[in-house]
Amino acid sequence: MTSRAGEPFVPARAVAEAEQLLATAVPPTGPTTAHGDPATGEWTATEGAGFRIVPLWEGDPLTGVYAPEWNDAEDAAEAHLAGLAQELDHRWGPHTTVRLHVALLRRQSGGGAPVEPLFQALFAEDLYGDLTLWGPIGAAGPGGSGDRWFAVTVGHSDGDAPLVLAALVSDRPVTEPNGGPAGLR
């Protein structure tokens with residue numbers, strides 16, 4: 001669960017939060033740390049060397065939900081992502097897609113192949129969806145400096161958990177991992 005549970009998706013708010021996140025300072029070095037709401041423990045942000053990830057929206061829990069309601073929930077989350085991407089395309093230019101399957105397979109293989117800290121942080125929050133990415137974008141505002149990469153994704157941890165729309169900002173290029181464990185190239 002995230003700190004966004006129970007909040008409706010409001011496109012204008014998501015765009016404003018995207019622009020605010022783009023201007024937010026990120027740690028230049030250090031370990032990856034997930035933060036939770038002090039009262040509830042629900043996820044609020046994850047920071048690591050050069051990046052920050054935050055939830056923008058959380059859907060309803062899917063406990064006891066089956067098709068067609070399940071499909072409706074997935075469609076709603078994807079529609080939120082698509083609508084936000086369209087608005088950000090107008091502001092920042094066309095996005096690209098960073099597929100996460102290689103990093104995910106590398107992580108799941110346990111064969112010792114390293115997974116980049118940014119991808120490890122996404123997976124730790126059950127954000128397995130491909131990244132819709134813009135960048136480099138010049139960061140503006142307090143705390144912002146240099147070029148940034150910004151992405152949104154939808155994730156889902158298991159059968160009953162809600163879908164989550166999250167955003168990330170990085171002060172380093174976000175690129176699709178190459179290769180993978182033997183046999184996965």
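The values are calculated or read from the model by the stated rules, or taken from the named source; none is laboratory data. Just so it is clear, the model here is predicted, and its values are computed rather than measured. Backbone-built Cβ (ideal geometry, glycine too); neighbour counts: all protein chains shown.
Within the range 61-77, residues that are under 19 Å from E7 (Cα atoms) reach partners that are among the small types (G, A, S) with beta carbons closer than 6 Å, at six or more positions or on different chains, in the pairs A73/G59; A77/G59. Assess whether A113 counts as being in contact with a helix residue (DSSP H, G or I) (Cβ under 8 Å, 6 or more places away or on another chain), at pLDDT below 85, farther than 23 Å from A45 by Cβ and aliphatic (A, V, I, L, M). So A113 fits the description; yes. Taking the stated definitions as given, is P61 at pLDDT 95 or above and in a loop (DSSP other than H, G, I, E, B)? No.
For the range 23-39, the set of residues classified as of a type in the set (A, V, I, L, M) and at pLDDT below 95 consists of A23, A25, A39, listed by residue number.
The residue of the range 1-58 that is farthest from L84 (Cα to Cα), among those that are free of Cβ contacts under 8 Å to residues at least 12 places away in the same chain and of a type in the set (A, V, I, L, M, F, W, C), is A39.
When T29, T46, T24 are screened for being buried (at least 17 other Cβ atoms within 10 Å of the Cβ) and assigned to a loop (DSSP other than H, G, I, E, B), only T24 passes. Out of (1) surrounded by fewer than 16 Cβ atoms within 10 Å (Cβ to Cβ); (2) under 23 Å from P136 (Cα atoms), what's the single condition that is false for Y66? With (1) surrounded by fewer than 16 Cβ atoms within 10 Å (Cβ to Cβ); (2) under 23 Å from P136 (Cα atoms) applied to Y66, the lone miss is (2).
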